[in-house]
Amino acid sequence: MPKPILTIKNLTKTYGQNVIFQNLDLTVNEGDTIVIIGPSGTGKSTLLRCVNLLTRPNEGQIWLDDLEITAKGTDEDQVRQHIGMVFQNFLLFNHLTALGNVKLGLTRVKHLSDEEATEKALHELSRVGLADRADHYPGQLSGGQQQRVGIARALAMDPRVMLFDEPTSALDPELIGEVLEVMRKLALDGMTMLVVTHEMGFAREVADRIVFMEKGYIVEEGSPDEMFNHPKFDRTREFLWKITELYGKKEKEAE
Amino acid sequence: MLTWLGYFERFGKNFLRGAGVTLELTAVGLAIGFVLGLMLALARSYGPKWLQRAAAAYIAVFRGTPLLVQLFIIYYGLPELGIAFSQNVAAYLALGLNSAAYQAEYLRGSINAIGAAQMEAGRSIGLSKWQAIGYVILPQALRLALPSWSNEPISLLKTTAIVFLIAVQDLMAEGKRAATTTFDFVGIYLAVAVVYLVMVFALDALLKFLERKTKIPGMDIETRR
Ligand SMILES: Nc1ncnc2c1ncn2[C@@H]1O[C@H](COP(=O)(O)OP(=O)(O)OP(=O)(O)O)[C@@H](O)[C@H]1O
Ligand SMILES: [Mg+2]
């Protein structure tokens, strides 16, 4: 019996008159990697931001394990500790070293002592292959390295689930591989992940399920095999074809 | 030329005493202005609507009226309401309250430039809003503000000269006294100008040092000075 970590029910989000999505349902089970794909402006980022409570949905509920995090009076800061977020533009803290970036949450949120935090942060940095860059500032790191620090920063909080919002789309093609490799390893280690990406190679290989979103609706979801080889809807086939064509080239270059 | 250089010997002590008062006025005004300016900037960026408006109004009023008028209101006006200050305290207050408005603008600009995204990154690891402001936004915003903010201490140092009008014994007041003794207005005020210039250079060097000291490798801060 799979255990749901993240349960999204009837989620509706509007910005003014603009309905981003309506009555959206999605469940992420423990250890699963769910890849969300879909055209630009479909609400993929907005969905992740709702999950992390960076924006409030208008209606519907989200549960993290058994806790309804959308309930009134939830301690948002408490919830966010348990949800890791990796941003498209990395968003590292530019005034802190790689180590400092990973340590900040450990000392200030988890209240670890300085030594404990350093030890844990170094461990997380080595997980993403950057222990030797611990004392570098973000401005001294490549985009791929910055994103890996971003992943380490989120991992350090021991999150229940990791959210990735197009983690490689701001990267030069030759740097995409190293970030995907870290994510692949994470998935293998059993991390629960919700990933928005255009990297179809990653989706095909790592995803337990692929969710195709368009215009605020989930058009279709299924295993990579179902989605790539026998999708139920023409729209899914078209989109996957287009995206593989478009990004497949970039991916080849990266290898 | 020799008589002129002689002024430094003859009035050197007075000039030094006055310069000390001028530096004190600058330091206290800058400190009051920084603390209050920071609060104003934070209020404008993160406060509730009413506080944002109140802070904006404060800044508009203090930037939109002459410092001299503010000084006279504090020194001559407030006593009528039963709030009286000594000359020096009135001067500290006027300089500080005025400088706060300018410093708030420098800080607000860089807080905005650091942006909402850094705030979200901070919140995403579980920091509270105020923790994110303290540990993520301000350390970057203050560094970013430093090059343009550095105009403020220097401008303030020169602006302090107006307080001799309420008889604070600053460098300007010492100059005036020396001028009325010698009747050589040009020579004395030139000497006073030189003392101001030396202080400005020293302060400028100090600020440049501070900028170098706080610079983060790879974090690009263009200098707008
Ligand atoms: N803060 C906001 N205020 C108003 N509208 C917004 C806001 N954030 C997003 N939107 C709108 O919501 C819609 C969905 O945006 P979102 O960023 O979630 O799409 P996306 O699927 O992530 O697209 P992309 O692939 O380009 O990242 C867009 O039309 C966008 O303009
Ligand atoms: Mg997006």
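The mean number of partner chain beta-carbon atoms within 10 angstrom of a residue's beta-carbon across peptide B:111-124 is 5. Amide H to amide H, with H built 1.01 Å from N, A:G60 comes under 5 Å of A:T12, counting only residues 5 or more places away or on other chains. In the context of the full set of protein chains, segment A:1-79 has a per residue accessible area of 46 Å² (1.4 Å probe). Peptides B:128-140, B:40-52 ordered by packing proxy, namely the average of other Cβ atoms within 10 Å per residue, highest first: B:128-140, B:40-52. Convex hull volume of the Cα atoms of segment B:95-211, normalised per residue: 106 Å³. Computed from phi, the 3J(HN,Hα) profile of segment A:168-184 under the Karplus parametrisation 6.51, -1.76, 1.60 (θ = phi - 60°) reads 10, 7, 9, 9, 5, x, 6, 9, 5, x, 5, 6, 4, 4, 4, 5, 4 Hz, with x in place of Gly and Pro. Taking the Cα centre of segment B:1-82 as reference, the dipole from Cβ charges on Lys and Arg (+1) and Asp and Glu (-1) amounts to some 240 debye.
In the assembled protein chains, A:S126 presents an accessible area of approximately 60 Å² (probe radius 1.4 Å). Secondary-structure-derived ellipticity at 222 nm for chain A, considering helices only, amounts to -12000 deg cm²/dmol, per-run term -39500 (n - 2.57) for DSSP H runs with n ≥ 4. Charge tally for A:Y15 (other residues, Cβ to Cβ under 13 Å; Lys, Arg +1; Asp, Glu -1): +3. Buried on complex formation within segment A:59-84 (loss of at least 40 square angstrom of accessible surface versus the isolated chain, 1.4 Å probe, ligands and nucleic acids ignored): A:D77, A:R80.
Partners of B:K158 within straight-line reach, counting lysines whose Cα lies under 23 Å from its Cα and excluding those fewer than 8 residues away in the same chain: B:K13, B:K176, B:K208. Full extension from A:D234 to A:Y15: what is 0.36 nm times the residue separation minus their Cα-Cα distance, to one decimal in nm? Length difference between fully extended and current span is 75.9 nm. On a per residue basis, chain B carries 49 Å² of accessible surface, using protein heavy atoms and a 1.4 Å probe.
Measuring r between the beta carbons of A:W241 and B:R53 and using R0 = 45 Å, the FRET efficiency lands at 0.25. Rounded to the nearest 10 degrees, the inclination of helix B:171-182 to the longest alpha-carbon principal axis of chain B is 10 degrees. Return the whole-Å distance between the Cα centroid of segment B:98-143 and the Cα centroid of segment B:13-36. Result: 28 Å between the Cα centres.
Normalised by residue count, the protein assembly as shown yields a Cα convex hull volume of 199 Å³ per residue.
Straightening the chain between B:A193 and B:K208 buys 3.2 nm, computed as 0.36 nm per residue apart minus the Cα-Cα spacing.
Excluding ligands, DNA and RNA, the accessible surface per residue across segment A:120-255 is 44 Å² with a 1.4 Å probe.
Between B:I83 and B:K158, the modelled label-to-label distance comes to 3.1 nm, taking each label 7 Å out from Cα in the direction of the beta carbon.
How charged is the neighbourhood of A:F93? Take every other residue with its Cβ under 14 Å from the Cβ of A:F93, and add Lys/Arg as +1 and Asp/Glu as -1. Every neighbour counted, the sum reads +4. Distances between placed amide hydrogens fall under 5 Å for A:I20 paired with A:K13, A:T14, A:Y15, all partners being 5 or more residues away or on another chain.
Ligands, DNA and RNA left out, the accessible area of the protein assembly as shown computed with a 1.4 Å probe is 58% carbon and sulfur.
Per residue of B:169-182, other chain Cβ atoms within 10 Å of the residue Cβ number 0 on average.
For the segment B:142-148, counting C-beta atoms of other chains within 10 Å of every residue's C-beta and taking the mean gives 1.
Seen against the Cα atoms of chain B and their longest principal axis, helix B:2-46 is set at about 20 degrees.
Listed by chain and number, the lysines whose alpha-carbon sits under 21 Å from that of A:K120, ignoring those within fewer than 8 places in the same chain, are A:K103, A:K110, A:K185. Note on the protein assembly as shown: dipole from Cβ charges, positive end direction compared against B:Y75, B:F62, A:L125; the farthest Cα belongs to B:Y75.
Sorting B:R17, A:R148, A:R153 on solvent-accessible area from highest to lowest, probe radius 1.4 Å, gives B:R17, A:R148, A:R153.
The residues packed around B:F164, meaning those with a beta-carbon under 12 Å from its beta-carbon, carry a net charge of 0 if Lys and Arg are +1 and Asp and Glu are -1. Could you report the buried accessible area between A and B, both sides summed, computed with a 1.4 Å probe and given in Å² to the nearest 100? Approximately 2000 Å², summed over both chains.
Sparsely packed loop sites in segment A:1-84 (the chymotrypsin sites (Phe, Trp or Tyr not before Pro) outside DSSP H, G, I, E and B with at most 16 other Cβ atoms within 10 Å) do not occur.
The values are calculated or read from the model by the stated rules, or taken from the named source; none is laboratory data. In this text the structure is predicted, and so the values were computed from the model without any measurement. Note that we place each Cβ from the backbone using ideal geometry, even for glycine, and neighbour counts take in every protein chain shown. Areas reflect the complete protein model, heavy atoms only, side chains present, ligands, DNA and RNA absent. Shrake-Rupley method; radii C 1.70, N 1.55, O 1.52, S 1.80 Å.
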